[in-house]
Amino acid sequence: MSEALVASQAAGTGTPVPAVSGARQFWRRLRAQRAALVAAAVVALLVLVALAAPLLTALEGQDPTTYHPSLIDSARGGVPVGSLGGISGDHWLGLEPQTGRDLFARLVYGARVSLGVALAATLVQVLIAVVVGIAAALGNGWVDQLLSRATDVIVAMPLMIMSLALLAIVPSSFPRPVLVALVIGLIAWGSPAKIVRAQTLTLKQLDYVSAARLSGWGTWRIARRELLPGLAAPVITYSALLVPQNITIEAALSFLGVGVKPPTPSWGQMLTAADVWYQAAPQYLLLPAGALFVTVLALTVLGDGVRTALDPRAASRLRVGTGRKREARAAADAGAPAKADVAAPAQADAGASANKEAKA
């Protein structure tokens, strides 16, 4: 979005001031939500950990696939030797039971797989949804009916059952993280496609779209130049909410044994065997489960904050009833006296009048 300068008169002066851009308004509304800022910081930290996984494991001196059988107590059924699951200076979060693989290395590399699969699946969903939704809204009657019925079929299709079936028949030689992302993206695009179609039908009725049509623009030029900018806000909002959903789906598929396969680390795949060891080595269950919980919670809160920041009506509702301090600040910014300052002289005049009447 361009930073167009709109000549407007400043309060009490004749100086033109630039209009606030949509991006600046978005960041201002997002900064007003502390929960969303905390969630954004958590998400940024998780992404940084995922990207820096090779560096972090190199600092520890471990990798996610090396076995350490000497550090496993076979007499106790494969429990790591030492206290707290084998935590030491060489193994910061302990060891995986039975195999002895480093738990910290598998956790940070699992973040790469879980976040990467979720983001790739979301990208596939959004691309298909935008194309299908715009085509259905701009096409003639039979195109709209055909695409709408196909979208209804996709929405009604049980995601987990279809994913299990597709992942079970694909050869194991195909890269599993890529396959999981494609399966989720190709099956779960129905709901965003409905949202894009409904929003496109609304935008079609606006004056600037009608003007573009009357000027002789083609359908796809109108879609590219006029409709896609208007679809950006709802698409970004829904995409932010799809990422935590896709992380949960990937974890569930890996937990069921049809997702990411060993030795590739994944939080869901780590949870597959963790239920057997939750008493002997509880950190093996708590660490991936806690990472999943924090990630999904942070992404959900951030997605809700993005939705509120992009929705002017929601932002205006947030400003209702915010207290006397914000009203005083707004009045000071506008150059008008606050309510308390206006009320104080009036109360003083009323008190003086009452004293004069009492003396009389």
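Assorted remarks:
- A single entry from Thr264, Thr200 fulfils the requirement of being β-branched (Val, Ile, Thr) and either within 23 Å of Gly141 (Cα to Cα) or more than 26 Å from the chain's Cα centre (by Cα) (or both): Thr200.
- Trp142 being within 15 Å of Asn246 (Cβ to Cβ), out of contact with any Leu (no Cβ under 7 Å at 6 or more places or on another chain) and modelled with pLDDT of 90 or more: no
- Taking every residue in segment 12-33 that is assigned to a loop (DSSP other than H, G, I, E, B) and pairing it with any residue that is at pLDDT 70 or above, at least 6 positions away or on another chain, the pairs with Cβ-Cβ distances below 6 Å are Gln33/Gly305.
- Top-ranked residue in segment 116-137 [being in contact (Cβ under 8 Å) with a residue 60 or more places away in the chain and among the small types (Gly, Ala, Ser); ranked as nearest to Ile184 (Cα to Cα)]: Ala121
Residue-wise test of (1) crowded, with 19+ Cβ neighbours inside 10 Å; (2) out of contact with any Cys (no Cβ under 6 Å at 6 or more places or on another chain); (3) of a type in the set (A, V, I, L, M, F, W, C); (4) on the phi > 0 side of the Ramachandran plot.
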position: Gln199; (1), (2), (3), (4): yes, yes, no, no
position: Trp220; (1), (2), (3), (4): no, yes, yes, no
position: Leu227; (1), (2), (3), (4): yes, yes, yes, no
position: Ile247; (1), (2), (3), (4): yes, yes, yes, no
position: Leu256; (1), (2), (3), (4): no, yes, yes, no
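- Single residue of Leu231, Leu186, Leu179, Leu227 found to be part of a helix (DSSP H, G or I), among the aliphatic types (A, V, I, L, M) and more than 23 Å from the chain's Cα centre (by Cα): Leu227
- Taking every residue in segment 162-186 that is without any contact (Cβ under 8 Å) to a residue 60 or more places away in the chain and pairing it with any residue that is in a loop (DSSP other than H, G, I, E, B) and of a type in the set (A, V, I, L, M, F, W, C), at least 6 positions away or on another chain, the pairs with Cβ-Cβ distances below 8 Å are Leu179/Val170.
The values are calculated or read from the model by the stated rules, or taken from the named source; none is laboratory data. Keep in mind the model is a prediction, meaning the values are calculated, not measured. Because the Cβ atoms are built from the backbone with ideal geometry, glycine has one as well, and the counts that use them run over all protein chains shown.
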